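Just dropping this structure here.
The values are calculated or read from the model by the stated rules, or taken from the named source; none is laboratory data. The structure displayed is predicted, hence computed values, not measured ones. Virtual Cβ from ideal backbone geometry, glycine too; neighbours counted across all protein chains shown. The protein model used for the area step is the full one, side chains on, heavy atoms only, and it has no ligands, DNA or RNA in it. Shrake-Rupley method; radii C 1.70, N 1.55, O 1.52, S 1.80 Å.
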Amino acid sequence: MSPSDMHPRFLLANLEEHPLRQRLNNEFHARPPVPLLGAWLISHLVFKHSATTAEAERENLTKLCQGHVCNAIDSTDAHVMIDAGAFRMRWELHTEFSSYTFFRPLDTGEQLNPEATAFDAVHPEWLSGIPGKLMVATHVELRSTDEISPDSVLASLTPNGRTMVAARVAEEAAWIFSDFKIDNGFSRFLILNERMTQRQTGRTVQRLVEIETYRLMALLGLPVAKEVGKWLYAGEKQLAEMMDRITQARTAEDERAVLSSLSALAAEVENSVARTTFRFGASRAYHSLVMQRIEELRETRISGLPTFEEFMLRRLLPAMNTCTTIARRQEELSARVARNSQLLRTRVDIELERQNQELLTQMNKRAKLQLHLQEAVEGLSVVVLTYYGSQLVQYIAKGTKELHHLNTDAITAISIPVIAGLVAWGTRRMRRKLAAEEASQH
């Protein structure tokens, strides 16, 4: 078989596939919008969880199907779509939260009770068993413009009522309304579909629930920013006082005391940065997603009402700017503390070097004194060794006096300069040898 006759599948079968290829491709196609036609009520719940609750959530999902006949339309490790007949439920697992979106079809013209939800058929015990803490709860009511006229909604708005946010979206194919207030535990969106397709409708619903989810998740950074802001003011004031102490420091002890205080402040700053970096970074990311989803709506202004983008710029952006400012102030304080600590360490090091120089000078003086003492001792050593050497020669001469009839006093007198010369020569040679060895080591 020639290479041109080989089927591509046969060729791929002989290639080693990366273990993440299929998983990454599935993740790329995960969480598609749910096509919607007609009137629907969508209830969206978001629970902030910890990193250890994923398995508990999956176990709780299996309990949902114990009381209902469920068909798993789509299922992955982080995404499940269930059709239970009376409702559909979509579960998504994210880094910090999990979302549960329930879809319930409505009859044309059906009036909704203010407390109605899309998960009315779900047992309350199952809902209470969801791990985590409730962060978002919102309703999206999808209607046709034939059922509810946009003009009737606009006419019901009172000048002194709540601030209504509204826009025409999807190239003016639909109307959306919300006030982002919480009533009976839920915020609410109203979509009036004029000519959107099923998939356009599903994407619009998905964008609205994501806007609400990411809006509140982004705001998690605001309380942290306010708390850190109070501490930052005290830290900046403390740093300014330390700078005054540095300029007034006169002794090494004063500088070391300031350096100790600066090190303690640096530890506090770095601890605060480590504690808040993730939260501030997450808030920036969530805010970016909110604005991206709003841009995807392709809004057109409704006269007299703010658009979703304008509302977020007025209400959400200041909070995000606060988080950004606090994060920048933290980084700047950390850098200032580091710079001043380095400056003070340099001053302390210079003072230590000066003290070490003085100590070395004193040691040199002592070494010279020791050298003079050593030379004096060496001189005494020559005298002593000469004395004992001459005494030894005298004893030897006395022992041989009777054999050779020698004059012991003369022999002793002659040996004294010889012994002194030998001792002095040996001592000097030993000193030179030691000095040479020491020089070779350095």
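Roll a 1.4 angstrom probe over the protein heavy atoms and tell me the percent of accessible area of the chain that is carbon or sulfur. Mind showing how you got there, number by number?
Values: 14870 of 26760 Å².
Reported share for carbon and sulfur atoms: 56 percent.
I need the GluC sites (Glu not before Pro) found in region 61-118, filtered to DSSP loop residues with at most 14 other beta carbons within 10 Å of theirs. Before the final figure, lay out the partial values.
On the way: sites: Glu92, Glu96, Glu110, Glu115; in loops: Glu96, Glu110, Glu115.
Counting only loop positions with at most 14 other Cβ atoms within 10 Å, the GluC sites (Glu not before Pro) in region 61-118 are Glu110, Glu115.
Relative to the longest principal Cα axis of the chain, at what angle does helix 198-218 sit, 0 to 90 degrees, rounded to 10?
Tilt relative to the chain: about 40 degrees.
Which one of Gln355, Phe280, Pro318 has its Cα pushed farthest toward the positive end of the charge dipole of the chain, where Lys and Arg give +1 and Asp and Glu give -1 at the Cβ?
Positive-most Cα among the choices belongs to Gln355.
Where does the longest stretch of the chain lie that holds no trypsin sites (Lys or Arg not before Pro) found in a DSSP loop with 14 or fewer other Cβ atoms within 10 Å? It would help to have the intermediate numbers written out before the result.
Working: sites that count: Arg162, Lys181, Arg195, Arg250, Arg298, Arg301.
Between the exposed loop sites, the longest stretch runs 1-161.
Under a Cβ-only charge scheme (Lys and Arg +1, Asp and Glu -1), can you give me the dipole magnitude of the chain about the Cα centre, in debye to the nearest 20?
On the way: 52 positive and 54 negative charges, 404 e Å.
Dipole magnitude for the chain comes out near 1940 debye.
Per residue, how much accessible surface does the chain expose to a 1.4 Å probe? Answer in Å², no decimals. Before the final figure, lay out each step's value.
Numbers: 26760 Å² over 442 residues.
Per-residue value: 61 Å².
Next question, about the same structure. Roughly speaking, what % of Cα-Cα pairs in the chain are separated by over 34 Å, rounded to a whole number?
Numbers: 60034 of 97461 pairs.
When every Cα pair of the chain is considered, 62 percent fall beyond 34 Å.
Over the Cα atoms of region 119-158, each weighted equally, I'd like the Debye log10 I(q)/I(0) at q = 0.19 Å⁻¹, rounded to two decimals.
Taken in order of the listed q values, log10 I(q)/I(0) reads -0.74.
Please report the projected area of region 277-428's Cα convex hull averaged over all directions, in nm². It would help to have the intermediate numbers written out before the result.
Details: hull surface 79.2 nm².
That works out to 19.8 nm², a quarter of the Cα hull's surface.
Excluding residues fewer than 8 places away in the same chain, name every one of the lysines whose C-alpha is closer than 28 Å to that of Lys433.
Those lysines meeting the cut-off are Lys365, Lys368.
Mind checking which lysines have their C-alpha under 24 Å from Lys237, skipping anything on the same chain fewer than 8 residues away?
Lys226
Shifting gears a bit: Rounded, prolate or oblate, given the Cα gyration tensor of region 69-183, with a/c below 1.5 counting as rounded? Don't jump to the answer; show the numbers that get you there.
Working: a/c = 1.93, a/b = 1.70, b/c = 1.14.
Taking the square roots of the gyration eigenvalues as a ≥ b ≥ c, region 69-183 is prolate.
What percent of all Cα-Cα pairs in region 158-299 falls in each 5 Å bin, counting up from 0?
2, 8, 13, 13, 11, 10, 8, 7, 6, 6, 5, 5, 4, 2, 1, 0, 0
Can you give the helix-only mean residue ellipticity at 222 nm for the chain, where every DSSP H stretch with n ≥ 4 adds -39500 (n - 2.57) and the sum goes over all residues, rounded to the nearest 500 deg cm²/dmol?
Values: 12 runs with 260 residues, N = 442.
Calculated mean residue ellipticity at 222 nm is -20500 deg cm²/dmol.
Based on Cβ point charges of +1 for Lys and Arg and -1 for Asp and Glu, what charge dipole magnitude is obtained for region 19-168 about its Cα centre, in debye rounded to the nearest 20?
Values: 13 positive and 18 negative charges, 86 e Å.
For region 19-168, the charge dipole is close to 420 debye.
What share of Cα pairs, in percent, lie more than 17 angstrom apart in region 261-302?
Cα-Cα pairs in region 261-302 separated by more than 17 Å: 56 percent.
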